[in-house]
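S.K.: Can you read through this structure? Questions will come right after.
The values are calculated or read from the model by the stated rules, or taken from the named source; none is laboratory data. Everything numeric in this text was worked out from a predicted model, so none of it was measured. Because the Cβ atoms are built from the backbone with ideal geometry, glycine has one as well, and the counts that use them run over all protein chains shown. For the accessible areas, the whole protein counts, side chains as well, though only heavy atoms, and no ligand, DNA or RNA atoms are used. Shrake-Rupley method; radii C 1.70, N 1.55, O 1.52, S 1.80 Å.
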Amino acid sequence: MTKTPRAPTQEYFQVKRHGDVAVIVPSPEVETLSEATINTAAQMVIAPLKSDPPSHLIVDLEDVRYFGSAFIAFLLRCHLPVKQQGGELVLAGVNDRIRELLRTTALDTIWALYDTRAEAIAALAD
């Protein structure tokens, strides 16, 4: 019996809506995905965000321990359409290792960092 492969967004990224705020929840597998797979997933995640733009976007990294340049490029690609709509992309569930990476790359000056998704949702509701 052959297993039908799932689309990269379903397998590696969940997109949820909380009112007008969208939440992207990457799976831990993003730590090891190839750049090509992340790019494919990014296109599939970003398309609905462009057609029905959220006011804000949260990327919940609670299950992600670290990531590389391909995932940073994904975050930047998600950031642009939200920013063009006057919204904000924020990161939730950020561990110390990711915080250090974002600090080193100065990306912590672009995106607000929150310990939990609930904190991020509350901050964006203000």
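S.K.: Taking helices (runs of 4 or more DSSP H) that fall entirely within the range 1-106, which contain at least 1 residues that are of a type in the set (A, V, I, L, M) and open to solvent by less than 90 Å² (accessible area, probe 1.4 Å)?
M.R.: By residue number, 35-51, 69-84, 96-104.
S.K.: Hey, can you tell me all the residues within the range 107-126 that are free of Cβ contacts under 8 Å to residues at least 24 places away in the same chain and either buried (at least 16 other Cβ atoms within 10 Å of the Cβ) or acidic (Asp, Glu) (or both)?
M.R.: Matches in the range 107-126: ASP108, LEU113, ASP115, ASP126.
S.K.: Name the residues in the range 72-104 that are of a type in the set (Gly, Ala, Ser) and at pLDDT 95 or above, would you?
M.R.: ALA92, GLY93
S.K.: Within the range 63-74, can one find any residue that is under 23 Å from ALA118 (Cα atoms), among the charged types (D, E, K, R) and touching a helix residue (DSSP H, G or I) at 6+ places or on another chain (Cβ under 7 Å)?
M.R.: Yes: one or more hits.
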